[in-house]
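Visitor: The structure under discussion is supplied below as structure tokens; questions concerning it will follow.
Please treat every number below as a calculation from the coordinates, not as lab data. This one's a predicted model, so the numbers in the text were calculated from it and none came from an experiment. Cβ atoms come from the backbone with ideal geometry, glycine included; neighbour counts cover every protein chain shown.
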Amino acid sequence: MEELIKIIKSNHSLSQEAEDYLYSISTKKSFAKGEVLIRQGQQVQNVYFVTDGCLRSYCYDKNGKEHTLQFAIKNWWISDYIAIHSDESATLTVECLKESEVVKFNAKALEKMYTLFPEYEPFQRKISERHVVSLNKRILNQLQLTATERYTLFITQYPEIEQYTHNYHIASYLGITQESLSRIRVENAKH
Amino acid sequence: MKALQIVKYGEIKDSLAFNEVSKPAVQATDVLIEVRAAAINPIDKSIVLGNLQGLLPIPFPSTSAYDVSGIVVKKGDDVSNFEIGDLVYSRVPQEQMGTLAEYVAVTSEAVSKKPGNISFEEAAGIPLAGLTALQSLEFAGIKANDRILIHAGSGGVGSLAIQYAKAKGAYVYTTTSTGNVEWVKELGADRVIDYKTEDYKTIVKDADIVYDTLGQEYTSEAFQVVKQGGQVISVVGPLDEDTAKMFGMEDYQLPEELATLSDDKEASYKFIFMHPNGSQLAEIKTMVEDEKIKPIIDTIYPFTESIAAFTHLETGRAKGKIIIKIN
């Protein structure tokens with residue numbers, strides 16, 4: 001939690017009351033590898049700020065195959081925002097790919113933060129904008145780049161994630177088959 | 001719910017029928033699985049034909065089949081390792097047989113989450129064959145550089161056994177027919193023997209392990225190619241004496257021919273009777289997700305054509321698994 005406060009304070013002002021409120025609506029939690037924080041089909045009440053570890057959100061298609069939507073490492077947020085914003089049950093599952101530590105926030109209480117402490121809103125708005133930018137980039141990369149380029153970009157941007165994942169986590173994130181990913185890796189190793 | 005049931009022993013067409021039955025009761029240690037796919041195996045056919053009525057007698061009518069993948073929709077009070085909504089696969093125990101139905105209740109000990117990188121249909125084809133291969137080769141203590149002969153590399157058990165043995169670093173010989181040579185090679189076998197044009201007995205010498213998935217003369221021939229002090233593991237040959245005792249056959253003795261061959265070679269003979277095991281299915285799940293094992297599917301039939309699937313199984317010519325999509 002200290003890290004999050006530090007990040008907020010690096011660019012935004014935060015009153016002691018606002019800081020106290022953030023502490024009051026959050027809980028520090030540790031999870032083992034494989035533990036599930038949000039399960040597809042269940043109600044979603046929380047969002048998570050990652051202080052250590054690596055998590056993944058994914059969904060199942062009708063054939064039972066998993067598709068990774070997002071990875072989250074230190075200082076990233078993760079939840080099922082579709083469920084939170086549409087007040088529906090989860091379409092995603094969020095699981096830990098390694099032992100992880102997170103700060104859990106009740107999503108409704110965090111929402112209340114904006115009205116109680118308007119100075120917090122610019123920080124949250126920046127996070128949301130960054131999230132939109134990253135999703136836009138992901139869609140554009142999907143449309144414009146080859147599978148090899150997408151993989152190369154992924155391991156350049158997030159070199160640490162690969163060590164915690166199975167091939168199919170990354171393959172489904174990049175929208176390619178496991179066989180293609182293995183082939184790309186072999187090709188990359190030659191260069 | 002709809003279920004494909006065995007109504008009597010006999011020919012496939014006369015002995016299987018679709019019936020409307022009630023959903024299975026869920027005991028404290030059970031999960032109720034909404035079935036998405038089931039697989040049929042040679043044992044399912046043998047049960048219908050009545051060939052196993054001494055060993056595995058069933059009441060009539062009984063819902064058929066053991067392999068399943070699907071979604072947990074209900075769980076008993078004592079189940080802590082699964083949640084509603086989990087995607088799972090299982091080889092259900094004998095007393096819970098009946099995966100060719102819309103729902104099946106299974107003790108949670110026999111269940112594992114399914115591999116995330118494959119479909120329900122692919123996952124349904126793994127449990128029985130995968131557990132058979134794993135338990136057989138684990139019993140043999142297979143390790144890197146062991147030389148193993150796996151018969152019928154294109155079969156359900158053979159195709160998974162090849163991949164498991166390769167994952168353990170063994171050198172794998174396998175037998176198959178001409179049409180299957182190429183794809184069986186792709187499973188990783190080091191030497192694929194086309195039994196139509198080659199005599200495996202002249203190629204395989206002093207194997208550490210012979211894995212017999214064919215029975216009959218292949219069981220005794222195994223002792224010609226196994227090394228002195230090696231192991232013959234069978235899933236179709238005669239029972240060994242310890243396994244027979246497990247079934248209450250106290251006075252059973254290994255057929256004399258096999259006993260002599262085994263003594264002469266100082267090679268052990270073991271019959272593996274596969275048992276359901278959720279933890280081992282979880283091991284296989286990881287191997288599938290790590291791409292060390294991939295399931296091989298011959299045909300996927302819709303539920304309504306399950307009887308045709310059994311007829312296909314009866315031909316013994318399937319390359320990989322015969323799957324039935326339930327839902």
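Visitor: Per Stokes-Einstein, at 10 °C and 1.306 mPa s, what whole-number D in µm² s⁻¹ belongs to the stretch B:1-60, with the Kirkwood radius over Cα pairs as the hydrodynamic radius?
Guide: 120 µm²/s
Visitor: Let me ask something else about it. In a shell of Cβ-Cβ distance under 15 Å around A:HIS85, excluding A:HIS85 itself, what net charge do Lys and Arg (+1) and Asp and Glu (-1) give?
Guide: -3
Visitor: Please identify every one of the trypsin sites (Lys or Arg not before Pro) in the stretch B:243-324 that sits in a loop by DSSP and has no more than 12 other beta carbons within 10 Å of its own beta carbon.
Guide: Hits after loop and neighbour filter: B:ARG317.
Visitor: Under a plain spin-label model, where a point goes 7 Å from the Cα along Cα-to-Cβ, how far apart in nm are A:GLU35 and B:ALA259?
Guide: Roughly 5.8 nm, to one decimal.
Visitor: Just to be sure I understand: of the beta bridges DSSP finds with both ends in chain B, what percent are antiparallel, rounded to 5?
Guide: 55 percent
Visitor: Take the alpha carbon gyration tensor of the stretch A:33-191, find the square roots of its eigenvalues, order them as a ≥ b ≥ c, and report rounded if a/c is under 1.5; if not, report prolate when a/b exceeds b/c, else oblate.
Guide: It comes out prolate by the Cα gyration axes.
Visitor: Relative to the present Cα-Cα distance, how much length would full extension add between B:GLU283 and B:THR299 at 0.36 nm per residue of separation?
Guide: Gain on extension, B:GLU283 to B:THR299, equals 3.2 nm.
Visitor: In a Gaussian network model over chain A where Cα atoms closer than 10 Å are linked, find which of A:PHE31, A:PHE117, A:PHE105 has the largest mean-square fluctuation.
Guide: A:PHE117
Visitor: What does the net charge come to around A:GLY53 if you take all other residues with beta carbon closer than 9 Å to its beta carbon, with K and R at +1 and D and E at -1?
Guide: Local charge sum for A:GLY53: 0.
Visitor: Something else about it: Could you state the angle between the C-alpha long axis of helix B:306-315 and the longest principal axis of the C-alpha atoms of chain B, as a value from 0 to 90 degrees rounded to the nearest 10?
Guide: So the helix axis and the longest Cα principal axis differ by about 10 degrees.
Visitor: Of A:VAL133, A:VAL44, A:VAL36, which is the most mobile in a GNM of chain A whose springs link Cα atoms less than 10 angstrom apart?
Guide: A:VAL133
Visitor: Given a Förster radius of 60 Å and the C-beta distance between B:GLU95 and B:LYS205 as r, what FRET efficiency does 1/(1 + (r/R0)^6) yield to the nearest 0.05?
Guide: 0.85
Visitor: List the relative contact order of chain A as a percent without decimals, with contacts defined as Cα pairs under 8 Å and 6+ residues apart.
Guide: 24 percent
Visitor: Next up: Write down the Kirkwood hydrodynamic radius of the stretch B:235-327, to one decimal in angstroms, obtained as one divided by the mean of 1/r over all alpha carbon pairs.
Guide: 17.0 Å
Visitor: In the P(r) worked out for the stretch A:91-183, what percent of Cα pairs fall beyond 20 Å?
Guide: Summing the P(r) of the stretch A:91-183 above 20 Å gives 55 percent of all pairs.
Visitor: What base-10 log of the normalised intensity I(q)/I(0) is obtained for the stretch B:175-224 from the Debye formula, alpha carbons as equal point scatterers, at q = 0.13, 0.14, 0.19, 0.22 Å⁻¹?
Guide: Each listed q maps to, in turn, -0.31, -0.36, -0.68, -0.90.
Visitor: Also, I was wondering about something else. For chain A, with a Gaussian network of springs between Cα atoms less than 10 Å apart, report the residue from A:SER57, A:SER89, A:SER26 with the top mean-square fluctuation.
Guide: Fluctuation is largest for A:SER89.
Visitor: Setting aside same-chain residues fewer than 8 positions from B:LYS321, which aspartates and glutamates have a Cα under 16 Å from its Cα?
Guide: B:ASP44, B:ASP67, B:GLU121, B:GLU122, B:ASP298, B:GLU305
Visitor: Compute the angle between helix B:256-265 and the longest alpha-carbon principal axis of chain B, please, reported from 0 to 90 degrees and rounded to the nearest 10.
Guide: That works out to roughly 60 degrees.
Visitor: How much length is gained if the chain between A:ASN75 and A:GLN45 is pulled fully straight, taking 0.36 nm per residue apart and subtracting their Cα-Cα distance, in nm to one decimal?
Guide: Value of the extension gain: 8.8 nm.
Visitor: Then there's this: What whole-number volume per residue, in cubic angstrom, does the convex hull of the C-alpha atoms of the protein assembly as shown give?
Guide: 177 Å³
Visitor: What Kirkwood radius, in Å to one decimal, follows from the Cα pairs of chain B?
Guide: In chain B this quantity evaluates to 20.2 Å.
Visitor: Calculate the FRET efficiency for B:TYR171 and A:GLN16 from the Cβ-Cβ distance with a Förster distance of 56 Å, rounded to the nearest 0.05.
Guide: The calculated FRET efficiency here is 0.20.
Visitor: Please arrange A:HIS191, B:HIS275, A:HIS67 by how many other C-beta atoms lie within 10 Å of their C-beta, fewest to most.
Guide: Lowest to highest Cβ neighbour count: A:HIS191, B:HIS275, A:HIS67.
Visitor: At B:GLU217 and A:THR27, where each label point lies 7 Å from the Cα along Cα→Cβ, what is the point-to-point distance in nanometres?
Guide: Inter-label distance under the simple model: 7.0 nm.
Visitor: Once fully extended, how much extra length lies between B:LEU49 and B:GLU109, figured as 0.36 nm per residue of separation less the alpha-carbon to alpha-carbon distance?
Guide: 18.7 nm
Visitor: With a/c under 1.5 counting as rounded, go ahead and sort the stretch B:1-154 into rounded, prolate or oblate using the C-alpha gyration tensor (a ≥ b ≥ c being the square roots of the eigenvalues; past the cut-off, prolate if a/b is larger than b/c, else oblate).
Guide: Oblate is the answer for the stretch B:1-154, as a/c is 1.5 or above yet b/c matches or exceeds a/b.
Visitor: Simple spin-label model, 7 Å along Cα-to-Cβ: B:GLU11 to B:PHE60 in nm?
Guide: Output for this residue pair reads 1.6 nm.
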